[in-house]
Each structure stands twice: as structure tokens, then as C-alpha cells.
Amino acid sequence: MKYLLMFLLCALTMTSADAAAAQRKTPRGTRQDVPQNPYAVYCADLPFDMPCPAAPVFPDRSVSVADFGGDPSGAELSTAAFAAAIDRLAEAGGGTVTVPAGVWHTGPIVLRDNIRLHVERGAIILFSADKSLYPLVETSFEGYDNTRRCQSPISARGVRNIAITGQGVIDGNGEFWRPLKREKVNEGTWRRITSRGGCYKRPTYWFPSEQALRGDAVADMNVPRMLSTDEEWAAVKDFLRPVMVSLIDCENVLLQGVVFQNSPAWNIHPLLCRNVIVDGVTVRNPSYAQNGDGLDIESCRNVLVADSRFDVGDDGICIKSGKDEDGRRRGVPTENVVVVGCTVFRGHGGFVVGSEMSGGVRNVLVSRCNFVSTDVGLRFKSRRGRGGVVENIFVYDTSMSDIATEPLLFDLFYGGKSAVEVLESGTEERAAALVPPVDETTPAFRNIDIRRLRCLGARRALFFNGIPEMPISGVRIEDTRIASSSGGEIRYAEKIILRNVEILADQGPDLKISNCSAVDVRSFRGELVGEEK
């Protein structure tokens with residue numbers, strides 16, 4: 001009887017644990033008989049108030065893209081088949097467009113209300129390299145509104161209840177769009193890509209066409225700013241690389257399970273969206289991909305990013321809200337964001353805020369994430385002229401290894417270069433002797449709580465590069481251990497709290513503090529050199 005009771009107790013415990021795990025991993029967006037929100041577990045006990053997003057639910061109605069003349073061999077374009085399948089379901093009230101195993105070669109796909117695009121295991125949606133299929137559209141890019149780009153391979157604007165799910169692959173064929181820098185690739189890759197033709201800005205910087213090179217000559221951070229006529233825009237069309245997945249002003253969005261890769265520019269860009277879930281996706285780009293960001297969340301509210309992997313040539317998970325006057329005029333912050341259980345490989349930054357943050361960022365939690373071989377781990381970047389307030393950022397239980405520069409970086413002098421490029425050039429900007437007055441163009445970073453950060457292997461322990469007229473304020477670092485080649489530096493900051501922090505630098509001091517005020521350091525292990533302002 002004793003052993004029987006023990007067996008029953010173990011079985012009950014295992015059943016309860018299995019039920020809890022099943023609730024967290026129940027296929028989302030497909031059942032209408034489950035009232036619970038399986039994502040609520042990610043939003044429990046947050047350090048700010050946030051309504052947890054729930055996955056959209058779709059009618060029990062589905063069609064296959066093959067039923068509308070799609071070609072799974074990839075020999076023929078399936079653009080019309082995707083459009084017909086989506087239109088048929090949308091007119092019926094919504095449902096699921098299934099993409100079976102095969103290679104589905106296509107032009108742009110536009111999602112409509114109540115549409116779920118389900119990419120089955122063994123299926124690849126491969127977007128065509130024919131740029132004529134991607135007309136110019138009015139959109140926003142790099143934080144500037146009212147600009148033009150080529151139509152995105154996947155897009156939705158002003159719609160509700162949409163999803164991209166499955167275990168297949170979505171490939172943007174980005175190599176045919178992106179420029180290439182010689183120093184970022186091996187000889188074989190350089191020869192393979194440049195053999196397509198194109199032209200050169202310099203012997204080591206290749207563009208896929210003269211149009212693309214012409215666009216680069218008139219662009220400000222990838223966005224032409226002085227073009228007015230249709231003819232002027234058309235003359236640089238090849239330069240206007242689209243983000244691969246563009247979601248603008250959408251509500252109730254689910255991206256789950258799919259591999260998103262090889263984007264022309266940024267990979268996934270939700271802009272002005274509400275209630276967004278990114279769950280268990282993989283986002284990949286070659287390490288040399290120019291502007292190959294993984295996920296750029298811009299001016300969005302109530303966003304969950306869970307259990308996903310990013311391996312890209314630029315920033316992995318990035319929070320934005322518009323640039324300079326355009327961002328301040330829009331005035332829509334990114335707020336209420338939870339990033340949990342994600343891994344970022346390579347790229348410029350693991351988790352990034354900015355540099356386009358002129359509309360503000362607030363209420364963000366990053367928890368239980370891993371950053372491996374990124375240039376920077378936590379990267380906060382802006383500059384004078386941006387404006388905007390970044391506040392209430394919480395980073396807990398984050399692990400890093402093999403970081404090329406710093407595990408933690410605040411750079412208020414960001415100039416468009418990666419942290420590696422800046423550090424290796426030895427041109428880190430210092431605060432100007434002439435301090436400008438504080439106004440709407442002054443960026444502010446405040447109330448940032450970092451706990452239980454672990455980093456093994458970095459070039460420099462940390463770097464706070466603030467501005468004297470608006471110091472970085474209210475940063476708390478607690479229960480943190482960093483092993484690096486050189487020590488860290490904090491300058492132009494105030495109300496800084498360090499609790500139980502250990503920095504092990506091969507050369508140092510381990511931490512230098514200068515031009516700061518109200519710094520409270522307790523239980524610091526390492527050599528500390530400091531002076532108060």
C-alpha cells in the first residue's frame with residue numbers, strides 16, 4: 001500500500017507538471033474551446049502593468065495554396081495563387097492558408113483580416129529576386145516617416161487577427177538586394193556574389209546595380225531625404241531594399257515556429273502594432289548581411305517575444321520609436337514589451353534600444369536570455385538631436401559569452417557605426433566642451449534595472465558614454481559578474497547603484513567612474529577608481 005500511494009503521488013505530480021507544460025506549449029491560434037491564455041505565464045509578476053497579449057483565433061476553415069494553382073516545384077511563380085487563396089478566405093470571414101511541403105517561388109504576399117498563413121514542415125516560401133515584382137510603396141524606414149521602399153515580401157497594413165505559423169522556412173532572397181563589403185566575407189563568397197555584375201562604390205564595396213549605387217549617394221542612413229518626384233524615386237528603386245515582413249498598424253498578431261531568413265533589409269518589422277506575439281521563431285541572416293536586423297519593434301504596445309533564436313548580421317532584438325523630428329511628431333512610444341527565453345548569436349547587439357527612439361521607450365522586461373558572440377550584449381544607443389525618453393527597462397537573469405566589445409553599453413554619441421568599428425578605430429566620441437541646453441531634442445535614459453547578469457569573455461567590462469547636459473540616470477546593477485580583457489568605465493551618469501558586482505579584468509582598473517554624481521557602490525569586487533563630479 002505504501003508503494004502504491006507513492007506511485008500514485010508521483011503520477012499525479014508528473015501529470016500536473018505535464019499539464020502545465022502542455023498549457024505553455026499548446027498550439028496557439030487554432031482552438032476556440034480553451035478560454036485560458038497560454039501566454040499568461042510569461043506576463044506573471046511583471047515589474048510594470050501590462051495586459052498580456054493573446055493569440056488570435058481563426059475560423060475553422062482552410063485552403064491550400066496548391067488548390068489555387070500554386071507550383072510546389074518552384075519552377076513557376078505562385079504569386080497569383082497566394083493572392084487568390086487569401087482573398088477567398090478573407091471574403092468568407094477568414095481562416096488558414098496552408099503552404100504544403102515544396103518550394104513556393106513567389107512575389108509579394110499581402111495578408112488580410114483574420115488570415116493565418118501556415119507554412120508546413122518541408123515548405124519553403126522563396127521570394128523572387130525579380131525586383132520588378134516589388135513596386136515602390138509609401139512607408140517608414142530607419143525611423144523616418146513618409147518615405148518610399150520597395151514593397152515588402154510579406155506585408156499587412158491596418159488589419160486585425162493575422163498569423164504566420166508552422167515549421168517551414170520563409171526566405172527573402174536578400175543576396176540579390178544587399179550591397180556587400182569585401183572585409184566581411186571570404187574570397188569565395190565575394191567572387192560568387194560580385195560575379196552577377198553590379199558596380200562598385202570602391203574596390204571593396206559592391207552594389208548589385210547602378211540604381212542601388214545611385215541611391216546610396218543621396219541617402220542618409222539608408223533613406224534618401226531629398227527626392228520629391230516619382231521619377232527621382234524610380235531612378236534609385238534598387239537601392240530601396242524592403243524589410244522582409246512589414247506589419248503596420250496591425251492588431252492581434254502571431255508569428256510562431258517559422259524560420260525567417262535572408263531578408264533584403266530588416267527581417268521582421270512591426271510598426272504601430274498592438275498585441276503582438278513572437279513565439280519560437282528562428283530569424284537568420286548571413287553575418288555579412290547589411291542592415292540585416294532580426295526583429296525591430298517600433299512604436300508598438302503590448303508585445304511578447306518568447307523562446308526565439310536570432311542569428312543575423314546586425315542587431316538581434318531591437319526596440320525603436322522613430323527618428324528625430326519624425327519620431328517626436330509621431331509621438332508613439334514602444335511600451336509594454338516582454339522578451340523572455342531568447343538567444344541571439346552574432347550580430348551587432350543582442351538586445352538593443354535605439355538609436356531611433358525619439359518617440360520614447362518604456363516598460364520593457366528582458367529575462368532569461370542568452371547572447372553568444374554578439375558585438376554587444378545590451379546596447380542602448382542614441383545621440384543629441386534624437387530626443388525621446390527611455391525608461392523603466394528591466395533586465396534579469398541574462399547570460400553572455402564571447403562578446404566582442406561590452407556586455408553593457410550606453411552610447412549617447414552613436415554615429416551609425418557598429419561598436420566594434422568604433423572601438424577598433426579609437427575614435428570614441430567624448431562629451432563636447434560646449435554643452436548645449438536641454439530641450440526636446442535631448443535624449444534621456446533613466447530607471448534601468450539590471451540584475452543577475454553573467455558574462456564570460458568580453459573586450460571591455462562595460463561602458464557608459466553619457467552626455468553632460470542629460471546624464472544617464474537611475475541605473476541599478478546587482479548580483480552581476482563580468483570577466484573581460486579590460487575594465488569598464490562609467491562617465492556622465494548619476495544615481496548609479498552597484499550591488500554585489502564583480503568585474504575580473506585582465507588589465508585594469510576593473511572599473512573607472514568619472515564625471516558622475518550620486519554613485520552608490522556596495523560589495524564591489526575588483527579595483528575601483530572613481531571620482532565624483
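The values are calculated or read from the model by the stated rules, or taken from the named source; none is laboratory data. All of these numbers come straight from a predicted model, not from anything done at the bench. Note: ideal-geometry Cβ built from the backbone for every residue, glycine included; neighbour counts use all protein chains shown. Note: accessible area is taken over every heavy atom of the protein model, side chains too, but ligands, DNA and RNA are not part of it. Shrake-Rupley method; radii C 1.70, N 1.55, O 1.52, S 1.80 Å.
Residues in region 189-209 that are surrounded by 15 or more Cβ atoms within 10 Å (Cβ to Cβ) and closer than 21 Å to Leu133 by Cα were compared, and the one that is farthest from the chain's Cα centre (by Cα) is Gly198. Inside region 224-245, can you point out the residues that are open to solvent by less than 10 Å² (accessible area, probe 1.4 Å) and more than 15 Å from Trp177 (Cβ to Cβ)? Across region 224-245, the qualifying residue is only Pro224. For region 66-88, the set of residues classified as open to solvent by 50 Å² or more (accessible area, probe 1.4 Å), assigned to a helix (DSSP H, G or I) and either small (Gly, Ala, Ser) or touching a Leu at 6+ places or on another chain (Cβ under 7 Å) (or both) consists of Ala80 only. Of the residues contained in region 271-284, none is found to be part of a strand (DSSP E or B), modelled with pLDDT under 95 and open to solvent by 30 Å² or more (accessible area, probe 1.4 Å).
Does Phe351 count as of a type outside the set (Asp, Glu), surrounded by 22 or more Cβ atoms within 10 Å (Cβ to Cβ) and under 13 Å from the mean Cα position of the chain (by Cα)? So Phe351 passes the test.
If the condition is being assigned to a loop (DSSP other than H, G, I, E, B) and of a type in the set (Gly, Ala, Ser), then region 295-333 contributes Ser299, Ser308, Gly313, Gly316, Ser321, Gly331. The condition (being among the aromatic types (Phe, Trp, Tyr) and either under 30 Å from Arg274 (Cα atoms) or touching a Cys at 6+ places or on another chain (Cβ under 8 Å) (or both)) is satisfied by just one residue among Trp190, Trp206, Trp233: Trp206.
Just one of the numbered conditions (1) under 26 Å from the mean Cα position of the chain (by Cα); (2) buried (at least 17 other Cβ atoms within 10 Å of the Cβ); (3) modelled with pLDDT of 95 or more is not true of Val97: (1).
Of the strands (runs of 3 or more DSSP E) lying entirely inside region 460-533, those containing at least 2 residues that are open to solvent by less than 50 Å² (accessible area, probe 1.4 Å) span 463-465, 472-491, 493-525. Here Thr165 fits the description: touching a residue at least 60 places away in the same chain (Cβ under 8 Å) and surrounded by 16 or more Cβ atoms within 10 Å (Cβ to Cβ).
Taking the condition in contact with a Cys (Cβ under 6 Å, 6 or more places away or on another chain) and open to solvent by less than 60 Å² (accessible area, probe 1.4 Å), does Ala219 pass? Judged against the criteria, Ala219 is not a match.
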